[in-house]
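Let me begin by presenting the structure, written as structure tokens, before commenting on it.
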Amino acid sequence: MKKIKLLSTAVWLCAVILTINSAHAQAIKPGQWRFGIGLEVAKPLGSLNDVSNLGLGLTPRLQYGLSDNLAFTLTSGYYNFFGKTYTATLINPFSGSTTYTVDGKDLGIVPVKAGIKAFFSEGWYLGAEAGAGFETNGTGNVKLDVAPALGYAVKQWEVSGRYERLMGSGTYGFVGLRVAYGFGL
């Protein structure tokens, strides 16, 4: 229930931001640099959902305008997927039952991705990023990280949703919502 409230709040916040700023859609100018910092909420999928129910992240992004409707991006940051808590009860016919609780470990990922944003309508864009995801849990695992996205950008705010897939030893993915504030450099 807590996760549903968190996601509902994030969606509501995005709607308010878009409504307030909808009259000033972002224009990409060739040769212009922009910097933005985003907050992310992620829902783990597949095997990642077995160990975590929720991920949160902070992602700075550098953007360079290649044309009026195309931009190059560099994104990094940090995602934290919170470990699940497991409870099991063992029944011993001689001494009764014993309940054990184990807190799962968090999984941290540092993404380093390059990509493009192609604006196809006033403020709306399709994005694609690829790069590496570095796990920070001491295993040294590095995964291929790919992420298609759909987003909407206005003067200083941006909201995007995406599916992110990390492939390698132990492939997994998640869907994410990013709300970002940006400015020209």
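Listed by first and then second residue, the pairs with beta-carbon distance under 8 Å, at least 6 apart or on different chains, first residue in the range 79-101 and closer than 30 Å to ALA132 by Cα and open to solvent by 60 Å² or more (accessible area, probe 1.4 Å), second at pLDDT 85 or above and not in a strand (DSSP E or B), are PHE82/ASP106; THR85/GLY104. Pairs linking a residue in the range 27-54 that is open to solvent by less than 70 Å² (accessible area, probe 1.4 Å) to a residue that is among the acidic types (Asp, Glu), with Cβ atoms under 7 Å and 6 or more positions apart or on different chains, are ILE28/ASP68; GLY36/GLU158.
Consider GLY131 carefully, then state whether it is surrounded by fewer than 19 Cβ atoms within 10 Å (Cβ to Cβ) and either modelled with pLDDT of 90 or more or over 16 Å from GLU40 (Cβ atoms) (or both). Criteria met by GLY131.
The values are calculated or read from the model by the stated rules, or taken from the named source; none is laboratory data. Just so you know, these numbers come straight off a predicted model, no measurement behind them. Because the Cβ atoms are built from the backbone with ideal geometry, glycine has one as well, and the counts that use them run over all protein chains shown. Surface areas here come from the heavy atoms of the whole protein model, side chains and all, with no ligands, DNA or RNA. Shrake-Rupley method; radii C 1.70, N 1.55, O 1.52, S 1.80 Å.
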